[in-house]
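Below is one structure, written out as structure tokens; the observations come after it.
The values are calculated or read from the model by the stated rules, or taken from the named source; none is laboratory data. The model shown is predicted, which means the values in this text are computed figures rather than measured ones. Heads up, the Cβs are rebuilt from the backbone with ideal geometry, glycines too, and the neighbour counts pull from every protein chain shown.
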Amino acid sequence: MPYGQSAIAAKSASKLEEVLIWLREDLMGELEAINQYQVHIDNIDDPEIKDLLAHIRDDEKEHVAEITHLIARIDAIQREKFAEDHTMAASERIAGDTESKVLTVGSMMGK
Ligand SMILES: [Fe+2]
């Protein structure tokens, strides 16, 4: 169920700070799960198990995105930080062209 903006507005500021702490902890857990699944995928030979674990790993990536977006909805400073790509110098950024400059696992491996 989507967590509506009205529900967020109804919480007190101190309660929202507590919720943000929990969400950041949840985010860490999701990221650790991705790494754990990846290690297992890399060390299991059975293709069926690898495929299933890869599917689960990708679900965890969706959870990272969901929690990240939820944090950004609640935390205005975090939302502002997400709005800009901080991974490259401003002089290297091409206005309106973020796709070609974004490093990915594939681009770092020459793919
Ligand atoms: Fe998850």
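Among the residues of region 85-92, is there at least one that is modelled with pLDDT of 95 or more and either within 16 Å of the ligand (Cβ to nearest atom) or closer than 30 Å to K11 by Cβ (or both)? Write out each step before concluding.
So in region 85-92, the residues modelled with pLDDT of 95 or more come out as none.
No.
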Taking K50 as meeting all but one of (1) in contact with an Asp or Glu (Cβ under 7 Å, 6 or more places away or on another chain); (2) modelled with pLDDT of 95 or more, write down the number of the exception. (1)
Pairs under 8 Å by beta carbon, first residue away from the ligand (no atom under 12 Å from the Cβ) in region 55-75, partner assigned to a helix (DSSP H, G or I) and aromatic (F, W, Y), six or more apart or different chains? T68/F82; A72/F82
Does T68 satisfy the condition of being of a type in the set (S, T, Y), at pLDDT 75 or above and under 15 Å from the mean Cα position of the chain (by Cα)? yes
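Of all residues in region 19-53, how many are touching a residue at least 40 places away in the same chain (Cβ under 8 Å) and away from the ligand (no atom under 16 Å from the Cβ)? Lay out the reasoning, then the answer.
Taking region 19-53 first, the residues touching a residue at least 40 places away in the same chain (Cβ under 8 Å) are 19-20, 23-24, 26-27.
From what is left, the residues that are away from the ligand (no atom under 16 Å from the Cβ) are 19-20.
Number satisfying all stated conditions: 2.
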